[in-house]
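S.K.: Here it is, the structure, as structure tokens.
The values are calculated or read from the model by the stated rules, or taken from the named source; none is laboratory data. Note that this is a predicted model, so its numbers are computed, not measured. Quick reminder, even Gly has a Cβ in these numbers, built from the backbone with ideal geometry, and neighbours come from all protein chains shown. Quick note on the areas: whole protein, heavy atoms, side chains included, nothing else; ligands and nucleic acids left out. Shrake-Rupley method; radii C 1.70, N 1.55, O 1.52, S 1.80 Å.
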Amino acid sequence: MTAYFGFTPSETLKSNIEKALVQAKTPSTEPLYVIRDLVSLGITDELIDNVLVQLVHMLPPSDKKETMEKLANFIKSTVHVLMKQLLNKDPNEQVLKSTEFLALSSNTHEGQLKVGTVLPDALVAQMKASFAEVFAGNGKAVRPALAEQFKLFSDVMIKHFMVDFNQTLDLGMFKRKASSLAQSGITKALHVAIDKLVPSLTQDELLAFTKHYDALIYTA
């Protein structure tokens, strides 16, 4: 069994993913970068919605919720703008590298298409153990561990969806540098936010937090 993080894409994104995968296997002179860009921007937005925005909506009104909303908006706008800057009108041979990456970033779980990535078994075991403690009412005791685990989790997400994906693009020196700076900034922002947020969550907030992520992490 392999551990995954994965979210269910919207019908629009699901349709575009399926179209991209079909086009990649069908010889054509039609430019593939058009559908690649739609899929890339769609995954970027829906990934952040599933990992951050939906979670924020679950939290009761508080300073913590406002902090998370600001973080989610910062990351979503930063990554969206970056993606638009990085995506070019590449020839089909280059775009196929991104399509191959897309195939590695999707799988079927319980009959539904999921978009995500493989997670380290050790990290998933640690997170699931912490989730179990929260579900048992011992959330406050595992807050420090959860903070470290979620920083590692965010690092995996950034590496896969930014670092690894960007390697499928034909980037010049300046775009590579811009991408690297953005990745570094987002990593730092997430780590700082996690260190501030998780240790201050109440048991009820921890329940909402962990239930949300528990549903996004599975084995297949």
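S.K.: Residue check: is GLU133 open to solvent by 70 Å² or more (accessible area, probe 1.4 Å), over 21 Å from ALA208 (Cβ atoms) and either of a type in the set (A, V, I, L, M) or part of a helix (DSSP H, G or I) (or both)?
M.R.: Numbers: open to solvent by 70 Å² or more (accessible area, probe 1.4 Å): yes; over 21 Å from ALA208 (Cβ atoms): no; either of a type in the set (A, V, I, L, M) or part of a helix (DSSP H, G or I) (or both): yes.
So GLU133 fails the test.
S.K.: Open to solvent by 50 Å² or more (accessible area, probe 1.4 Å), within 23 Å of ALA182 (Cα to Cα) and out of contact with any helix residue (DSSP H, G or I) (no Cβ under 7 Å at 6 or more places or on another chain), is that true of LYS97? Steps first, please.
M.R.: Values: open to solvent by 50 Å² or more (accessible area, probe 1.4 Å): yes; within 23 Å of ALA182 (Cα to Cα): yes; out of contact with any helix residue (DSSP H, G or I) (no Cβ under 7 Å at 6 or more places or on another chain): yes.
The answer is yes for LYS97.
S.K.: State which residue pairs qualify: first residue outside any strand (DSSP E or B) and inside region 89-112, second residue of a type in the set (Phe, Trp, Tyr) and open to solvent by 30 Å² or more (accessible area, probe 1.4 Å) in any location, beta carbons under 7 Å apart, and separation of 6 or more residues or different chains.
M.R.: Cβ pairs passing all conditions: LYS89/TYR33; ASP90/TYR33; VAL95/TYR33.
S.K.: Continuing with this model, one more query. Taking the options VAL22, VAL51, VAL56, name whichever one is under 24 Å from PRO199 (Cβ atoms) and free of Cβ contacts under 8 Å to residues at least 40 places away in the same chain.
M.R.: After ruling out the rest, the residue left standing is VAL56.
S.K.: If you don't mind, another one. Given the conditions (1) part of a helix (DSSP H, G or I); (2) closer than 27 Å to THR12 by Cβ; (3) open to solvent by less than 20 Å² (accessible area, probe 1.4 Å), and given that THR117 satisfies all but one, which numbered condition is not satisfied?
M.R.: (1)
S.K.: Considering only region 146-173, state which residues are buried (at least 19 other Cβ atoms within 10 Å of the Cβ), among the aliphatic types (A, V, I, L, M) and more than 30 Å from PHE131 (Cα to Cα).
M.R.: LEU169
S.K.: Looking at region 188-220 only, could you name the residues that are among the β-branched types (Val, Ile, Thr) and either buried (at least 17 other Cβ atoms within 10 Å of the Cβ) or modelled with pLDDT under 90 (or both)? Full working, then the answer.
M.R.: Keep residues of region 188-220 that are among the β-branched types (Val, Ile, Thr), which gives 192, 194, 198, 202, 210, 217, 219.
Selection gives VAL192, ILE194, VAL198, THR210, ILE217, THR219.
S.K.: Can you pull out every residue in region 19-45 that is out of contact with any Leu (no Cβ under 6 Å at 6 or more places or on another chain) and charged (D, E, K, R)?
M.R.: Correct list: LYS19, LYS25, GLU30, ARG36, ASP45.
S.K.: Moving on to the next point. Which condition does LEU82 not pass, out of (1) modelled with pLDDT of 90 or more; (2) of a type outside the set (Asp, Glu); (3) over 14 Å from the mean Cα position of the chain (by Cα), if it passes all the others?
M.R.: All conditions pass for LEU82, except number (1).
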